[in-house]
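Structure, as structure tokens:
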Amino acid sequence: MSADFVAKILHVTLNITGADRGLAVTPDLQLIEAINLTQETIDNPAFRTLAEDTLRQSLEAGEPVITNNMVTNPENAPVTNTTFSELRAIVTFPVGKLGAVYLDQRLRYGIIDRNTLDTVITFIEHILDYNRQGLSEAELIALYRQINAEL
């Protein structure tokens, strides 16, 4: 049940934030689900290290992590303007003690701002506090919008 809930949170937060891709993982970083990520990307050592490091940091701190794919690996810094299209804004956040979510999107499409992320965390805490993990994705999105309107 908890893996299903973390996967639902992945789907809902992709919808809410407009992120390009995402992962849901268990507390021990076992993959639950990936969206818009090929197996080749997931298996790529640079991506895997970046995703696991930020997810682990988020799980250990119990807080969101906002970064990009250059800060943690400066060796991959773009050398030409053509590689700037690969710059990604990255957000990871814990889903209680049940797992974590990784989201990213190309920087040229904007970033997931801190206010949205704070609302997502409040939303997840509300669901867990009131034992509402059984809600459907559509109900979760409606609940997010309600919480967002109240904040």
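Only one of 117, 50, 98, 55 is assigned to a loop (DSSP other than H, G, I, E, B) and either at pLDDT 85 or above or exposed (fewer than 14 other Cβ atoms within 10 Å of the Cβ) (or both). Can you tell me which? Steps first, answer last, please.
Details: 117 fails: assigned to a loop (DSSP other than H, G, I, E, B); 50 fails: assigned to a loop (DSSP other than H, G, I, E, B); 55 fails: assigned to a loop (DSSP other than H, G, I, E, B).
That would be 98, the only listed residue that is assigned to a loop (DSSP other than H, G, I, E, B) and either at pLDDT 85 or above or exposed (fewer than 14 other Cβ atoms within 10 Å of the Cβ) (or both).
Just checking, which of 104, 129 is of a type in the set (Asp, Glu), surrounded by 13 or more Cβ atoms within 10 Å (Cβ to Cβ) and at pLDDT 90 or above?
Working: 129 fails: surrounded by 13 or more Cβ atoms within 10 Å (Cβ to Cβ).
Answer to the selection: 104.
Across region 66-95, which residue is modelled with the highest pLDDT among those that are farther than 30 Å from residue 4 by Cβ and among the small types (Gly, Ala, Ser)?
85
Determine, yes or no, whether residue 32 is in contact with a helix residue (DSSP H, G or I) (Cβ under 9 Å, 6 or more places away or on another chain) and part of a helix (DSSP H, G or I).
Working: in contact with a helix residue (DSSP H, G or I) (Cβ under 9 Å, 6 or more places away or on another chain): yes; part of a helix (DSSP H, G or I): no.
Against the criterion (in contact with a helix residue (DSSP H, G or I) (Cβ under 9 Å, 6 or more places away or on another chain) and part of a helix (DSSP H, G or I)), residue 32 does not qualify.
Which of the residues spanning region 119-138 are in contact (Cβ under 8 Å) with a residue 40 or more places away in the chain and within 15 Å of residue 62 (Cα to Cα)?
Within region 119-138, 120, 121, 124 meet the criteria.
Mind checking which residues of region 116-140 are closer than 17 Å to residue 151 by Cβ and of a type outside the set (S, T, N, Q)? Break it down stepwise before answering.
Initial filter on region 116-140 (closer than 17 Å to residue 151 by Cβ): 116-127, 129-130, 140.
Residues satisfying the conditions are 117, 118, 120, 121, 123, 124, 125, 126, 127, 129, 130, 140.
Anything in region 21-51 that is in contact with a strand residue (DSSP E or B) (Cβ under 6 Å, 6 or more places away or on another chain) and among the basic types (Lys, Arg)? List them, or say none.
Passing the criteria: only 21.
The values are calculated or read from the model by the stated rules, or taken from the named source; none is laboratory data. Small disclaimer: the values here were computed from a predicted structure and weren't measured. When we count neighbours, we look across all protein chains shown, and the Cβ atoms used for this are built from the backbone with ideal geometry, even at glycine.
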